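Trainee: Sending over a structure as structure tokens; questions will come in a sec.
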Amino acid sequence: MSPHPRPPRTLVTRRLYFGLDPLRLREASGRVLARVVGLPPERATVSATDLRCDFGLDTRLCRSLVEEMVAEGLLRPRDEPAGHYRLTARFLELAAARVVEPLDRAKARAIVGRACDLARAINAEWARNPLTVAAVAPHGAYLSREPHLDSLPLGVVVAARPASRRARFRMQGKLEGARDIRAALRGLSSFVQVVLVTAQGDLPRPHAVVFQAEPGAEP
């Protein structure tokens, strides 16, 4: 489907990220970011010493933090000067991240149920949208045994709406229709992350299909 803006990074309490409490991680990332704000790209780098100071870690722990952040694509090492790093977009997300209480599993199940109800409503009522929802399949964190989740990833298969069920006038384009479906599902909860695909085989694995429109049936 069409590219879409990434949702804001969400960090949850009761979890550690890079070995740090989420509030401490966000605040330290903000201090690092403040060092490069307004600098031209060739000068917008931070040193290992800067990172150690801003994160309040000793040399050994900071080295481990930097190595993990490099491996995860948050920092990009510079050849010269040695020991300096560029901040990637993924690092910048930390400084602006939301810190929230995690989503408990009972609430997650309720949101998934609402997603199924929304899929039925889209298929039955959104006549101006050229797309329908063929399937909804939670994946990722939802399939884990964790009692508290930091996200609720939903895989959504879309299909062309039957011509007989389309509005006669002012039909949306497919890109606009996909955008509206994605926005409606995201509106169920800030924890919801939506992946739209056009074939069930393209859903992230593993997944669990919780809603499926009958093949060939009109909504």
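Trainee: Output the relative contact order of the chain, whole-number percent, from Cα pairs under 8 angstrom with separation of 6+ residues.
Mentor: The value is 21 percent.
Trainee: Convert each backbone phi in segment 84-97 into a coupling constant with the Karplus relation 6.51 cos²θ - 1.76 cosθ + 1.60 (shift: θ = phi - 60°), then list the ³J(HN,Hα) values in order as whole Hz, x for Gly and Pro.
Mentor: My calculation for segment 84-97 gives 10, 9, 8, 8, 8, 4, 5, 5, 4, 4, 5, 5, 10, 5 Hz in order.
Trainee: Report the Stokes-Einstein translational diffusion coefficient (µm² s⁻¹, integer) for segment 103-212, Rh taken as the Kirkwood radius over Cα pairs, at 20 °C with viscosity 1.002 mPa s. Before the final figure, lay out the partial values.
Mentor: Values: Rh = 14.2 Å.
The calculation lands on 151 µm²/s.
Trainee: With +1 on the Cβ of every Lys and Arg and -1 on the Cβ of every Asp and Glu, and nothing else charged, how large is the dipole of the chain about its Cα centre, in debye rounded to the nearest 20? Working shown, then result.
Mentor: Working: 34 positive and 23 negative charges, 122 e Å.
The dipole of the chain has a size of about 580 debye.
Trainee: A further question follows. Limiting things to C-alpha atoms, what are the Rg and the maximum Cα-Cα separation (Dmax) for segment 10-100, in angstroms?
Mentor: Here Rg and the maximum Cα pair distance are 12.5, 39 Å.
Trainee: Residue-wise, which Karplus ³J(HN,Hα) couplings in Hz belong to segment 45-61, taking 6.51 cos²θ - 1.76 cosθ + 1.60, θ = phi - 60°, and x for glycine or proline?
Mentor: Rounded to whole hertz, the list is 10, 10, 9, 4, 5, 4, 5, 4, 5, 5, 8, x, 10, 6, 4, 5, 5.
Trainee: Then there's this: Work through the residues other than V194 whose Cβ is under 11 Å from its Cβ and net out their charges, Lys, Arg +1 and Asp, Glu -1.
Mentor: Surrounding charge for V194 is +3.
Trainee: Next up: Nearest 5 is fine: what % of DSSP beta bridges in segment 103-212 come out antiparallel, could you say?
Mentor: 65 percent
Trainee: Related question: What whole number of Å gives the distance from the Cα centroid of segment 117-171 to the Cα centroid of segment 179-199?
Mentor: 8 Å
Trainee: Just name one of A208, L39, S144: the one whose Cα is farthest towards the positive end of the charge dipole of the chain (beta-carbon charges, Lys/Arg +1, Asp/Glu -1).
Mentor: A208
Trainee: In degrees between 0 and 90, to the nearest 10, how far off the longest principal axis of the chain does helix 105-125 point, with axes built from Cα atoms?
Mentor: 40 degrees
Trainee: Find the relative contact order for segment 14-82 and round it to a whole percent, using C-alpha pairs within less than 8 Å whose residues are 6+ positions apart.
Mentor: Over segment 14-82, the number comes to 25 percent.
Trainee: A further question on this structure: I want the antiparallel fraction of DSSP beta bridges within the chain, as a percent rounded to 5.
Mentor: Antiparallel bridges: around 70 percent, rounded to the nearest 5.
Trainee: Let me ask something additional. Under a GNM of the chain (C-alpha, springs under 10 Å), which listed residue has the highest mean-square fluctuation: F191, F18, F55?
Mentor: Sorting by GNM fluctuation, first place goes to F18.
Trainee: Gaussian network model of the chain, Cα springs within a sub-10 Å range: biggest mean-square fluctuation belongs to which of T59, T132, T45?
Mentor: T59
Trainee: Assuming 0.890 mPa s and 25 °C, estimate D for the chain with Stokes-Einstein, Rh taken as the Kirkwood radius over Cα pairs, in µm²/s.
Mentor: Reported coefficient: 124 µm²/s.
Only the coordinates and a few stated rules stand behind these numbers; no lab work does. Note that the coordinates shown come from a computational prediction; the quantities given were computed from them, not determined experimentally. Please note: Cβ atoms are built from the backbone with ideal geometry, for glycine as well, and neighbour counts cover all protein chains shown.
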